[in-house]
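Down below is the structure, laid out as structure tokens.
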Amino acid sequence: MSSPTGPASGLPVRMPRPRQPGRHRRPEPVAAPEGAPALVLAVPGAPSTTTRSLAEEVVSIARSELPGLDARIGYVDGEEDATVTSFPEFPSLSSVLAHASAERAARVERARAAGAEVAEPDGPVAVVVPLLAGPDGALMRRIRQAVVESRAAAELTDVLGPHPLLAEALHVRLSEAGLARADRARLFTVATAADGIVLATVGGEEAVQAAGITGMLLAARLAVPVMAAALDEEGAIAATAEQLRGSGSAQLALAPYLIGPELDAGLLDAAAKDAGCSVAEPLGPYPAIGKLALSKYTTTLGITPQQPSGAPVH
């Protein structure tokens, strides 16, 4: 029996294992360098408590992968804060960047006031990572404009995909909806498993082409045909579904190649109904999203924690 302070007398106590010597020793965890720029997640779509919860989970995953990371959330359609002294509930991206810039300037002034010789910082104050699985020209232009308007020295990364981890995430969402086998290595079937996948995205032709790359990875995982189509192009999802049926697929599924905030309410369900497809959930705060956001940040800064890689779904 244990006491509140530890095991009862006579019971063994778990002791920390000594560090393993030699080349098989586990690498020491990498932490964010002191004074490193903030990772600012640029969240598209209408701000809401649901969107905030999703974004907070994504940055929580990133922080768990890189201890000490300064991660913040800015909304493309958020509220402006002209004073940069206090934050509204859903702060705009430009406000978050301006606030980060003001904080760094204040740190430099405090250090100089204390007698320290501090040079003007020459690196970025923040690295902005769009919360987008694929390219969206209109949204990226708005994100760039917010960076410019903030007047902060910020770096803007590319979107998160295409990437094998996003194919893994799509596989998981399909399996959660009963539309795919959970593990390609185990020989069992799912009665409702789809034999053709429509990969839905938004952002025009460039987004469809990028989704198609991840779609090929998903097709290799599931051994079924996968075709990408634009949700924001009228009739595109239904036309792609008919193309799959014409090539022999009978039971189709709609897989959103979308994280969630960038998706207009009702658009996904309407497209699935028009195409006669079952539908999986958007990617949401799947762990890969946080890892890929962090990877964009570390690559920009030249920090080298363990890079994310695709893995089988179990």
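Only residues that are open to solvent by 20 Å² or more (accessible area, probe 1.4 Å) and either at pLDDT below 95 or at positive phi (or both) were counted across the stretch 149-159, and they come to 3. In the stretch 202-219, the residues that are modelled with pLDDT of 95 or more and polar (S, T, N, Q) reach residues that are part of a helix (DSSP H, G or I) and crowded, with 18+ Cβ neighbours inside 10 Å with C-beta atoms within less than 9 angstrom, at least six apart or across chains, in these pairs: T214/P164; T214/L166; T214/A167; T214/L170. Taking the criterion of being assigned to a loop (DSSP other than H, G, I, E, B) and either surrounded by 15 or more Cβ atoms within 10 Å (Cβ to Cβ) or touching a Lys or Arg at 6+ places or on another chain (Cβ under 9 Å) (or both), the only residue of the stretch 234-250 that qualifies is S249.
Is it true that A211 is among the aliphatic types (A, V, I, L, M), under 23 Å from M140 (Cα atoms) and surrounded by 18 or more Cβ atoms within 10 Å (Cβ to Cβ)? Yes.
Does the stretch 160-173 include one or more residues that are farther than 23 Å from L41 by Cβ, open to solvent by 10 Å² or more (accessible area, probe 1.4 Å) and either in contact (Cβ under 8 Å) with a residue 60 or more places away in the chain or more than 17 Å from the chain's Cα centre (by Cα) (or both)? No. Summed over the stretch 259-294, residues that are touching a Pro at 6+ places or on another chain (Cβ under 8 Å), open to solvent by 20 Å² or more (accessible area, probe 1.4 Å) and under 20 Å from M140 (Cβ atoms) total 4. From A71, A55, which residue is touching a helix residue (DSSP H, G or I) at 6+ places or on another chain (Cβ under 8 Å), among the hydrophobic types (A, V, I, L, M, F, W, C) and either closer than 24 Å to R141 by Cβ or modelled with pLDDT of 50 or more (or both)? Exactly one of A71, A55 is touching a helix residue (DSSP H, G or I) at 6+ places or on another chain (Cβ under 8 Å), among the hydrophobic types (A, V, I, L, M, F, W, C) and either closer than 24 Å to R141 by Cβ or modelled with pLDDT of 50 or more (or both), namely A71. So the check is Cβ under 7 Å with 6+ separation or different chains; which pairs have a first residue in the stretch 54-69 that's within 10 Å of G290 (Cα to Cα) and a second one that's open to solvent by 70 Å² or more (accessible area, probe 1.4 Å) and among the basic types (K, R)? Note: pairs meeting the criteria are I61/K291; E65/K291. Please verify whether A38 is modelled with pLDDT under 90, surrounded by 20 or more Cβ atoms within 10 Å (Cβ to Cβ) and more than 15 Å from the chain's Cα centre (by Cα), treating the condition exactly as stated. Criteria not met by A38. Under 30 Å from G260 (Cβ atoms), open to solvent by 30 Å² or more (accessible area, probe 1.4 Å), at pLDDT 90 or above and of a type outside the set (S, T, Y): does that describe P47? Judged against the criteria, P47 is a match.
So, of the residues in the stretch 82-140 that are of a type in the set (V, I, T) and modelled with pLDDT under 90, which turns out to be least open to solvent (accessible area, probe 1.4 Å)? If we take residues in the stretch 82-140 being of a type in the set (V, I, T) and modelled with pLDDT under 90, then V108 is least open to solvent (accessible area, probe 1.4 Å).
The values are calculated or read from the model by the stated rules, or taken from the named source; none is laboratory data. Quick caveat: nothing in here was measured; it's all calculated off a predicted structure. Note that each Cβ is placed from the backbone with ideal geometry, even for glycine, and that neighbours are counted across all protein chains shown. Just the protein is used for accessible areas: all its heavy atoms, side chains included, with ligands, DNA and RNA removed. Shrake-Rupley method; radii C 1.70, N 1.55, O 1.52, S 1.80 Å.
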